[in-house]
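What follows is a set of notes on a single structure, which appears directly below.
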Amino acid sequence: MTSEQRVVRPYAGLESVQRRLTRLRLEFAGQSLSASGRLSVAVTVFLAERITIVTGSDEQQRRTNVAELLEAVEQAGFAAHQVDLALVLGAPRLRVQQVAWRTPIDELDRHGQRIDVGGAGARPVALAAPFGGCDATLAVVLADDLDPRPLRPFRRGTWLARTHHRIATDLGQIGFTPIPLTEEVRAEHELPARTLRLITAERVTDPEMDPDASLTVYVDQEVLAQLAAEPRSRGSRSLQMQLFLDAMTAVVHAGSREIAAGEGSDTFLDAQESLLGSLVRQMAAREDEVDMELAQHYWTTVKNQPERAVALIEGWLPDFKNALVNSISEGAS
Amino acid sequence: MRYPIVPIDHCMTLTAEYLAKGWRPIEPDEMALSGRGPDADLRALADAATLIRARLAEYRDSDEASDRDRFEGEAAGMLHRATRELPLMVLDDPQFWRFVGLQHLWQFVHWRERERFDSGEPTRYLRLVDARVPHECVVTRMFLRAQVARRGDDYTLASALGDSAELWHGHILKRDVAASPPLARALVASHLDARMSSSELRTTSRNLERLTANLVTAMIDDDQARDLVALARSTGEV
């Protein structure tokens, strides 16, 4: 979403509903999904597990959370029967969105502390499509049309509050498969015969762009074959890390140009689903939670000081120094 | 379930080879497979592809030949009907769609986007076959178009409009509206009733995004979609 497309909320008095909704949690495969956060799981786990709406850590907490959510909805001027709690799951590659579970909010109290969604037999599309992952939205939503009034939602389906979550698999991680830099590719890009690497990065701040498509890394055919033959040698590990760093450097510089040119948003939040957003999100992750303030700081660093951002990425790469030192000593022996 | 795939590096070399020397089938010994268990039944896909190629041969000689988008819409329904029952894991896999585009529908894909292929620039043509961006790759965007247009087994809405690439590619498939078939169908139907100029289309599309930004689009039904599109069209420039 670009900054011009940022959602405008022309409504008043819904902050309390949003606050109360965030007390409800989503869990997947026994792990908590933080609000606006992202969980990455193995494909087998993704295809087998279900999502659980957790309304409280214990029965007492559940009662309090449900009662206070209901109270917030009524204080915002809605009758409880006019409002539903819904879990919407989306499969972004297949462009499918489904209401996977829904209940009138005044009937939420009838459900237990843990509400399982997407078990065997009724598996939502989004939990069967691991390449694109699953977008999960928990929303407090208007169940019926109301009489229009200023600053008050009235259309059926309008969300009063919502939390977004993303479940991804290792099939959709940041990463790249190096592509052989063949004579044909060199000729197409007008490169000399001795060029060993070519990295292209484009639309890295565009959340509409599949992150995988923003980056292409070509490596000399022979070098790539050697890497594939001995992927665990010290030299290979070092080269793989160096390639990753080179690729991320290209992403940072492309991102810096795009933001400066106004093609990308100044705000991390608007672009977190882009390739650069994925990188920044991982750098700003602290114990499964994204530190949004830190993420915005990194985003601004990319824009204003791209060289510093590259240095920060190098510091964030685990074991880079060891791999490099070992590779040098191996080469000298 | 086991199914054929084309990894990205093979996709690049095959595409370059097809452009240089013409199409040839992917040989069994170079075919990569993904998944386990019984092979996916792809006979319907092969039949649909044969039909699409035969129809293309007629279409290229018809008076409508310049409207390549209309044929894309027609073929979209045929492709979707033949693939819609495949497991979601297969349909979600870009490597499978590379196989579909290169093995079964290359002649159509090349005809549909020949200017971009003729440019000789991989950055311009690769995304038409690599399926990394579903709304840009020809076969995946066809699948999505038919998915949106479909009513039961009826796909006529996908090709009901002539010269509608701007509508489908610019205002439906790359936008959030693609995730709401009722909304997308209502927009197409409205355009079909009274064709919008490019400028009117842009305004309506923008208004529709504003109107739906606060809605859970998965909850929009056909009636509400019609009302929203009518409102978006009548609102004018905001």
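Kindly indicate the residue of region B:86-116 that is more than 13 Å from every other protein chain (Cβ to nearest Cβ), farther than 13 Å from B:Ala49 by Cα and without any contact (Cβ under 8 Å) to a residue 40 or more places away in the chain and also nearest to the chain's Cα centre (by Cα) among those meeting that condition. Write out each step before concluding.
Within region B:86-116, the first condition is being more than 13 Å from every other protein chain (Cβ to nearest Cβ), and the residues that meet it are B:99-116.
Checking the rest, the ones that are also farther than 13 Å from B:Ala49 by Cα come to B:110-116.
Add one more test, that the residue is without any contact (Cβ under 8 Å) to a residue 40 or more places away in the chain, and what stays is B:113-116.
Numbers: B:Glu113: 13, B:Arg114: 16, B:Glu115: 18, B:Arg116: 17 Å.
Only one residue tops the list, namely B:Glu113.
Within region A:243-254, is there a residue that is within 13 Å of chain B (Cβ to nearest Cβ) and touching a Leu at 6+ places or on another chain (Cβ under 7 Å)? So far as region A:243-254 goes, no, none of its residues is within 13 Å of chain B (Cβ to nearest Cβ) and touching a Leu at 6+ places or on another chain (Cβ under 7 Å). Restricting region A:119-167 to residues that are closer than 24 Å to B:Asp223 by Cα and of a type in the set (Asp, Glu), the residue that is nearest to the other protein chains (Cβ to nearest Cβ) is A:Asp145. Counting the residues of region A:182-197 that are within 11 Å of another protein chain (Cβ to nearest Cβ) and at pLDDT 90 or above gives 0.
A quick yes/no check of all residues on (1) surrounded by fewer than 24 Cβ atoms within 10 Å (Cβ to Cβ); (2) over 23 Å from A:Pro207 (Cα atoms); (3) among the hydrophobic types (A, V, I, L, M, F, W, C):
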{"position": "A:Ala72", "(1), (2), (3)": "yes, yes, yes"}
{"position": "A:Leu85", "(1), (2), (3)": "no, yes, yes"}
{"position": "A:Val88", "(1), (2), (3)": "no, no, yes"}
{"position": "A:Leu94", "(1), (2), (3)": "yes, no, yes"}
{"position": "A:Glu107", "(1), (2), (3)": "yes, yes, no"}
{"position": "A:Arg110", "(1), (2), (3)": "yes, yes, no"}
{"position": "A:Asp116", "(1), (2), (3)": "yes, yes, no"}
{"position": "A:Arg149", "(1), (2), (3)": "yes, yes, no"}
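Counted as qualifying within region A:71-150 are the strands (runs of 3 or more DSSP E) with 3 or more residues that are within 18 Å of A:Glu49 (Cβ to Cβ) and not β-branched (Val, Ile, Thr), namely A:83-91, A:96-104, A:134-142.
Condition test on B:Arg185, is it more than 13 Å from the chain's Cα centre (by Cα) and surrounded by fewer than 18 Cβ atoms within 10 Å (Cβ to Cβ)? It would help to see each step written out before you state the result.
On the way: more than 13 Å from the chain's Cα centre (by Cα): yes; surrounded by fewer than 18 Cβ atoms within 10 Å (Cβ to Cβ): no.
When the stated conditions are applied, B:Arg185 does not pass them.
Select from region B:6-40 the residues that are more than 10 Å from B:Leu102 (Cα to Cα) and in a loop (DSSP other than H, G, I, E, B) and list them in ascending order. If you could, list the steps in order and put the result at the bottom.
The first filter runs over region B:6-40 and keeps only residues more than 10 Å from B:Leu102 (Cα to Cα), leaving B:7-10, B:12-13, B:16-17, B:19-22, B:27-40.
Within region B:6-40, B:Pro7, B:Gly22, B:Glu27, B:Met31, B:Gly35, B:Arg36, B:Gly37, B:Pro38, B:Ala40 qualify.
Taking B:Ala40, is it closer than 26 Å to A:Val125 by Cα, under 20 Å from the mean Cα position of the chain (by Cα) and surrounded by 15 or more Cβ atoms within 10 Å (Cβ to Cβ)? No; evaluated as a whole, the condition is false for this residue. If only one of B:Ala146, B:Ala178, B:Ala218, B:Ala158 is within 9 Å of chain A (Cβ to nearest Cβ), under 27 Å from B:Ala49 (Cα atoms) and part of a helix (DSSP H, G or I), which one is it? Checking each option against the conditions leaves just B:Ala178. The residues of region A:25-55 that are on the phi < 0 side of the Ramachandran plot, part of a loop (DSSP other than H, G, I, E, B) and at pLDDT below 95, listed by number, are A:Ser34, A:Ala35, A:Ala42, A:Glu49, A:Arg50. Residues in region B:117-132 that are over 11 Å from the mean Cα position of the chain (by Cα) and facing another protein chain (nearest Cβ under 10 Å): 8 in all. The set of residues from region A:266-312 being touching a residue at least 24 places away in the same chain (Cβ under 8 Å), of a type in the set (Gly, Ala, Ser) and closer than 21 Å to A:His165 by Cα comprises A:Ala271, A:Ser274, A:Gly277, A:Ser278, A:Ala295.
Quick one: B:Arg70 ticks every box in (1) of a type outside the set (Gly, Ala, Ser); (2) more than 14 Å from chain A (Cβ to nearest Cβ); (3) part of a loop (DSSP other than H, G, I, E, B) except a single one, so which number is it? If we test B:Arg70 against (1) of a type outside the set (Gly, Ala, Ser); (2) more than 14 Å from chain A (Cβ to nearest Cβ); (3) part of a loop (DSSP other than H, G, I, E, B), just (3) comes out false. Would a scan of region B:18-25 turn up a residue that is buried (at least 16 other Cβ atoms within 10 Å of the Cβ) and under 18 Å from the mean Cα position of the chain (by Cα)? Checked region B:18-25: no residue is buried (at least 16 other Cβ atoms within 10 Å of the Cβ) and under 18 Å from the mean Cα position of the chain (by Cα).
Given the options B:Ala54, B:Ala48, name the one that is at pLDDT 95 or above and within 22 Å of B:Leu19 (Cα to Cα).
Working: B:Ala48 fails: within 22 Å of B:Leu19 (Cα to Cα).
Sole residue among the options that is at pLDDT 95 or above and within 22 Å of B:Leu19 (Cα to Cα): B:Ala54.
Count of region B:192-209 residues, restricted to those that are surrounded by fewer than 15 Cβ atoms within 10 Å (Cβ to Cβ) and at the interface with another protein chain (Cβ under 9 Å from one of its Cβ atoms), is 0.
The values are calculated or read from the model by the stated rules, or taken from the named source; none is laboratory data. Remember, predicted model here, so these are calculated numbers, not experimental data. Neighbour counts are summed over all protein chains in view; Cβ atoms, including those assigned to glycine, are modelled from backbone coordinates with ideal geometry.
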